[in-house]
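First the structure, in the form of structure tokens, and then the observations on it.
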Amino acid sequence: MKKSDVIKTLLNHRYVYTENTSGSAFAPANIALCKYWGKRDIELNLPVTSSLSVSLGEQGAHTTVSLINASEDKIRINEEDITLDTQIAKRLIEFLDLFRSNTEMHFAIDTKINIPMSAGLASSACSFAALIQALDQLFSWQLDRINLSILARLGSGSACRSLWDGFVKWHAGKEEDGMDSFAELLPYEWPHLCVGLLVISDQPKPISSREAMQKTVNTSCYYKSWPEKVKTDLAVLQEAIASRDFDLFGSVAESNALAMHASMLTANPPILYWLPETVAMMHQIWKKRAEGLPIYFTQDAGPNLKLLFLKTDIEQVKKTFPEIKIIMPFEKH
Ligand code: PMV
């Protein structure tokens, strides 16, 4: 099954004509609390397990996509023209290829992202989620969000969770064509929940998450136990969210992230995103927790940590980590 087959099923030639010249959308970044780590289908980005995330409010990508009279696509990110042979441009162009009705059709993408790129802060997720919604507007597909999440997944797996604010669950699904592998909003809010970004490095990561994921699936002896771990963590996490049990919530999220990194460490060759500063921060978090501050972390494919804590502890957290950027995912904006 190819990506273009999924497009045919979902769009059924709806993308051929448009009277619009552009479409615009915003999508928030999302941080997984129970991670997506491993694909059952590499072409369609179908995951081995379900996953659960929280979106980051106003932190994300604003994208405008336009049809242009030119011989190639144009990509602009944060006011800078991107050369078309860079990794990010290639991924975006490959994604746009799925929606061209002829080879003469070219697009200009103009994106403004307000989080560091390629540093494990989910910049690709919000980019593809904003782009698919901008395309939906440009071509007047009028697809619902569930179907848009299926299309966003074809660009980057975790992008399917960036279609909503709040807690979002991505169902792994079982079907070969991935039509049952979509994300959806969970009906819970947690107004006092805070996510703190500790940016240790905003340099591009040495190995992409898609490559690291595949190497782990193929070579780590610990990967076998990952699906079982996710099954338990997902159930407990949802319970913790529903009952607003913060310690349970934080401890499951932290343990899930550490288990993902443990599976990478046992890949061959080993993958370690941690920098000395990452480890130092972990020790600091554990020390503060032992002293009574309810603070936990999660970490994705990069050296940066995302802290989880409650509004009541903001001042103490700021004192310990003065450089932290605090986001309140459920604060209305
Ligand atoms: O969607 P990708 O290919 O960028 O992979 C994301 C992987 C993690 O960020 C590490 C986990 C997740 O669920 O977001």
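Structure above, values below:
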item	result
In the range 180-199, residue farthest from the ligand (Cβ to nearest atom) [restricted to those that are closer than 29 Å to residue 87 by Cβ and out of contact with any Phe, Trp or Tyr (no Cβ under 9 Å at 6 or more places or on another chain)]	199
Within the range 291-333, strands (runs of 3 or more DSSP E) holding 1 or more residues that are open to solvent by less than 10 Å² (accessible area, probe 1.4 Å) and touching a Ser or Thr at 6+ places or on another chain (Cβ under 6 Å)	305-310
Residue within the range 235-251 that is farther than 22 Å from residue 331 by Cα and either in contact (Cβ under 8 Å) with a residue 60 or more places away in the chain or within 16 Å of the ligand (Cβ to nearest atom) (or both) present	no
Some residue of the range 152-175 being more than 30 Å from residue 241 (Cα to Cα) and more than 15 Å from the ligand (Cβ to nearest atom)	no
Pair list, Cβ under 7 Å, 6 or more apart: the range 184-213 residue of a type in the set (Gly, Ala, Ser), other residue in a helix (DSSP H, G or I)	196/317; 212/264
Residue among 282, 260 that is among the aliphatic types (A, V, I, L, M), surrounded by 20 or more Cβ atoms within 10 Å (Cβ to Cβ) and assigned to a helix (DSSP H, G or I)	260
Test: residue in the range 268-277 that is among the aromatic types (Phe, Trp, Tyr), surrounded by 14 or more Cβ atoms within 10 Å (Cβ to Cβ) and part of a helix (DSSP H, G or I)	no
The lone exception for residue 229 - which of (1) within 16 Å of the ligand (Cβ to nearest atom); (2) among the charged types (D, E, K, R); (3) over 28 Å from residue 45 (Cβ atoms) it fails	(3)
Verdict on residue 61 being in contact with a Ser or Thr (Cβ under 9 Å, 6 or more places away or on another chain), within 13 Å of the ligand (Cβ to nearest atom), assigned by TED's automatic domain parsing to the domain that holds residue 154 and assigned to a strand (DSSP E or B)	no
Leading residue by the ranking (modelled with the lowest pLDDT) among those in the range 208-235 that are crowded, with 17+ Cβ neighbours inside 10 Å and either part of a loop (DSSP other than H, G, I, E, B) or among the small types (Gly, Ala, Ser) (or both)	209
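The values are calculated or read from the model by the stated rules, or taken from the named source; none is laboratory data. Everything numeric in this text was worked out from a predicted model, so none of it was measured. Counting neighbours? That spans all protein chains shown, and the Cβs are built from the backbone with ideal geometry, glycine included. These accessible areas exclude ligands, DNA and RNA; they are computed on the full protein's heavy atoms, side chains included. Shrake-Rupley method; radii C 1.70, N 1.55, O 1.52, S 1.80 Å.
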